[in-house]
Each structure stands twice: as C-alpha cells, then as structure tokens.
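The values are calculated or read from the model by the stated rules, or taken from the named source; none is laboratory data. Here the structure is a predicted model, which is why all the values come from computation and not from measurement. Neighbour counts are summed over all protein chains in view; Cβ atoms, including those assigned to glycine, are modelled from backbone coordinates with ideal geometry. Heads up: the accessible areas ignore ligands, DNA and RNA and are worked out on the full protein's heavy atoms, side chains in. Shrake-Rupley method; radii C 1.70, N 1.55, O 1.52, S 1.80 Å.
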Amino acid sequence: MKTFSINDLNNIDEFRYVQYYKGQKYGAYGQIPFDENKLLLVDDAGYILKPNEVVIDVDCLNIDQLRALLNTFPDELNTEIRRTDRGIHIYYTKPSNWHQNWPKNSICSLGFPIEYLSSKTNPNGIVVKRFGKERDVINKGKRIQLPFIFDLCNRGTYRNCLGFVEGDGRNSNLFMMRQRLGYNDNYKKILEFINKNIFDEPLEDKELNILIERPLY
C-alpha cells in the first residue's frame, strides 16, 4: 500500500487533509492524507500544515474587535482565514527569522494574546471541518508571509492590553508598546487600534496623541 512521507506532502499540495474522530478536533496518527474531493465525503477533518506554514489562532476577541482587525489591517490579513468556535485561524508562511524555539503562545503587537500553530505544535493538523460542515473560509489556499503585527517583538515583549479600563495602567502600557514598536511604519495605526478596539475604555484623543509623539528611549 502506498504511504506518504513528509517529503511527499511538500510536493503534493492537494493531499493535505486527514479524517478526525466523529465530532472531535483530532484523529488517529499515521493516516494517509487525502484531497479536496474526499474532504467533501467526511464529516470531520483537519488540514495538515506544511513545514513552512504557520497559523495564528485568535480566540480572545469579540466579533466587533475581529471586524475592526480585518478593516484596519486588510493587507496584513489578505490571506486564508477560517472561522473557529471561538475566533479565527489566519494562515501564513513562516518569516525568515523563524527558529525551532519559536514560542507557541505570545502577545502580538496589537496588544492581545495569540497562539502560533505549526507542523511542530500540531502534527496531526488543525480542524477545518466538523459535524459535516466545512468551516467558513475566505482566500482559501492563499498564503502571505507572517506580517509585522504578528511577528515576535525584537525589543523585548509586547504588553497584553486587552480589556483595560481607567486605573489599569493604560498610559504606561501603551507607552511601553510605543517603545517596543520603534519606528515601524504602522506604529501610529497600531497604537490607535489598541486604544480604540483593545482597551475597554479608550484614552481621549489628546492623551493618545501626546503619548504617540513622545520620543523613544
């Protein structure tokens, strides 16, 4: 019987799916992958990630925050995106600075937690179909390189700003984010996004503008 190796999978793009246990998000190891045609015939299935792919799992944002994310950063999210039970999966190719000790969990430059899913962390794939229904998807099959907004910070670590209200240290944490972002082309847009969509209680525009214009140290 023909079996598939990792090298085969790198060369045969259409064989990217495996069947999962009924109603579950995982299946038996060592299955022979199948293509889109068989995907139509199974109720529960996962997508096997290539070694050069990474998926950003976002499950901490509400529908309004997700909509704002898509509208604010359309170029960075012009790639395959699937709905999940709690959020979205965003498909990318790995950046040039990817290494074997890349963390599974992190805080992204937009001030909220994300999870990095890869062939190492999820060797049995990630769910794309459950209970007979393929998850909603846009840009199916499209991959762009992991953008700055989801890359690791090279100036320390980003701060989790999700849900901040007055008294939670909005100014100090946003200023620290400003330092971490450096002079990236989008640093103003990122800070404005955090203030408007990630904080529960945004700073007033005057406060935000003073903070944005403060020099780096």
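General remarks:
- Loop sites in the range 104-211: GluC sites (Glu not before Pro), DSSP, at most 13 other Cβ within 10 Å: GLU166, GLU204
- If you run the Gaussian network model on the chain, springs between alpha carbon atoms under 10 Å, then out of ASN97, ASN160, ASN173 the most flexible one is ASN97.
- Plainly put, the range 58-117 has a radius of gyration that is 0.95 times its Kirkwood radius, both from alpha-carbon atoms, as the Rg/Rh ratio.
- Percent accessible area from carbon and sulfur atoms, the range 22-149, protein chains only, probe 1.4 Å: 49
- Sorted largest first, extent of the range 102-215 alpha carbons per principal axis (Å): 51, 28, 24
- Max mean-square fluctuation residue, GNM over the chain, Cα-Cα springs under 10 Å, options LEU203, LEU174, LEU110: LEU203
- Quotient of C-alpha Rg and 2.2 N^0.38 Å, computed over the chain: 1.14
- With 26 Å as the limit on Cα-Cα distance, the pairs of LYS133/LYS196; LYS133/LYS189; LYS129/LYS189; LYS104/LYS140 that go past it are LYS133/LYS196; LYS133/LYS189; LYS129/LYS189.
- Accessible surface ranking that places the most exposed of CYS161, CYS153 first, with a 1.4 angstrom probe: CYS153, CYS161
- Relative contact order of the range 85-217, defined on C-alpha pairs under 8 angstrom at six or more residues apart (%): 27
- Bridge type composition, the range 71-183 - antiparallel percent by DSSP, nearest 5: 85
- Heavy atoms of THR157: accessible area, 1.4 Å probe, square angstrom to 10: 90
- Taking each residue as 0.36 nm, the span from ASN62 to PHE148 lengthens on full extension beyond its C-alpha to C-alpha distance by 28.7 nm.
- Averaged per residue, the range 32-116 has 43 square angstrom of accessible surface, using a 1.4 angstrom probe with ligands and nucleic acids left out.
- Beta bridges assigned by DSSP with both partners in the chain are antiparallel in approximately 95 percent of cases.
- Taking a point 7 Å from the Cα of PHE131 along the Cα-to-Cβ direction, the residues of the range 74-110 with backbone N closer than 12 Å to it are 85.
- Helix-derived mean residue ellipticity, 222 nm - over the chain, DSSP H n ≥ 4, -39500 (n - 2.57), to 500: -6000 deg cm²/dmol
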